[in-house]
Amino acid sequence: INAEYGEFQTFQHYFKRINLSFSSTMASQVLVPAERVIRKKKSDEEAEGFTLKAGMKNVKVRGPPSAMAFKERPAKPTSFRKFYERGDFPIQLEHDTKGNKIAWKVEIEKLDFHHYLPLFFDGLCEVTHPYEFFSRQGVHDMLEHGSHKVLPVIPQLIIPIKNALNTRKKSSVCTSLKILQHLVVSANCIGEALVPYYRQILPILNIFKNHNINKGDGIDYSQQRRENVGDLIQETLEAFETHGGPDAFINIKYMVPTYESCVNN
């Protein structure tokens, strides 16, 4: 039987229809390859799991699709880039023997933290120079000199932090984790103020918590450069628990079930 000839059951019927003789020699040369072709086509068929076709013979069941949990997401245009290109930030690049740094045109303590700090946090999604450098270094400088001015701005920082983590780019995630560690220790009560926002921050940390590189007996130099995502997440969670007060651990455990306390143990 061959599906190519539709209504004809065998090659004999086909050749009778067109008034040609069909010898046994032709049958041995034509029918056997046709059967092989038919069998090959059947073995190549695929079907989704848990369907009627999946229970048929010579059908390969297709596996489930990937969840794309670690796939990088494109970042939307940030307000930080727009403000920087417009020249609204009182900063400029200063080249030093130790590397580049930001030269502030005004004293950091005199800045309006409600306006500037969320904008610098919004730039954490950037991965191109100079936006990435200015946003990252600007946040560290403001946290270092902000002291009591940082705490009232915490609610405005949650969405930029969440957006930077949701890009799932290794560079953006590592930068955000280092800034979260700096944010927790920058002033008193900030760790406790972050506890209500764990549901926005910790889901991505739960996904990447065990995202480490297994090189066997090789050397992973990202640990020395503090670019290993799994280790940074562990350090960040421990900082949250240490500075988050008595309710920090139970809230971390709710969002990251595999986390073990560094205080109680």
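The values are calculated or read from the model by the stated rules, or taken from the named source; none is laboratory data. Note that the structure is a prediction, hence the values are computed from the model and not measured. For neighbour counting, all protein chains shown are included, and Cβ atoms are generated from backbone atoms with ideal geometry for every residue, glycine included. To get the accessible areas, we keep the full protein, side chains included, count just its heavy atoms, and leave off ligands, DNA and RNA. Shrake-Rupley method; radii C 1.70, N 1.55, O 1.52, S 1.80 Å.
Using only Cα positions of the range 125-187, each an equal point scatterer, no hydration layer, compute I(q)/I(0) via Debye at q = 0.30 Å⁻¹ and quote the log10 values to two decimals. So the normalised log intensities are -1.41. For the range 58-163, with all protein chains in place and a probe radius of 1.4 Å, 53% of the accessible heavy-atom surface sits on carbon or sulfur.
Residues in the range 203-208 carry Karplus couplings, in order, of x, 5, 5, 5, 5, 9 Hz; the curve used is 6.51 cos²θ - 1.76 cosθ + 1.60 with θ = phi - 60°, and Gly or Pro positions show x. Computed from the Cβ-Cβ distance with R0 of 45 Å, the FRET efficiency linking residue 171 to residue 48 stands at 0.75. The packing ranking of peptides 54-65, 141-152, highest mean first, is 141-152, 54-65, where packing means the average number of other beta carbon atoms within 10 angstrom of each residue.
Here the gap between residue 127 and residue 199, fully extended at 0.36 nm per residue and compared with their Cα-Cα distance, gives a gain of 23.4 nm. Sorted largest first, the spans of the alpha carbon positions of the range 61-130 along the three principal axes are 65, 32, 21 Å. Rolling a 1.4 Å probe across the protein heavy atoms gives the range 73-177 an accessible surface of 51 Å² per residue.
Cβ-Cβ distance of residue 253 and residue 112, R₀ of 41 Å, FRET efficiency by 1/(1 + (r/R0)^6): the value works out to about 0.65. Gain on full extension, evaluated as 0.36 nm per residue between residue 79 and residue 261 minus their Cα-Cα distance, stands at 61.8 nm. Rounded to the nearest 20, the Cβ-based charge dipole of the range 39-130 about its Cα centre (Lys and Arg +1, Asp and Glu -1) stands at 1140 debye. Exceedance of the 22 Å cut-off in Cα-Cα distance is limited, within the set 209/253; 98/209; 76/98, to 98/209; 76/98. Computed from the C-beta positions of residue 72 and residue 182, the FRET efficiency with R₀ = 25 Å rounds to 0.55.
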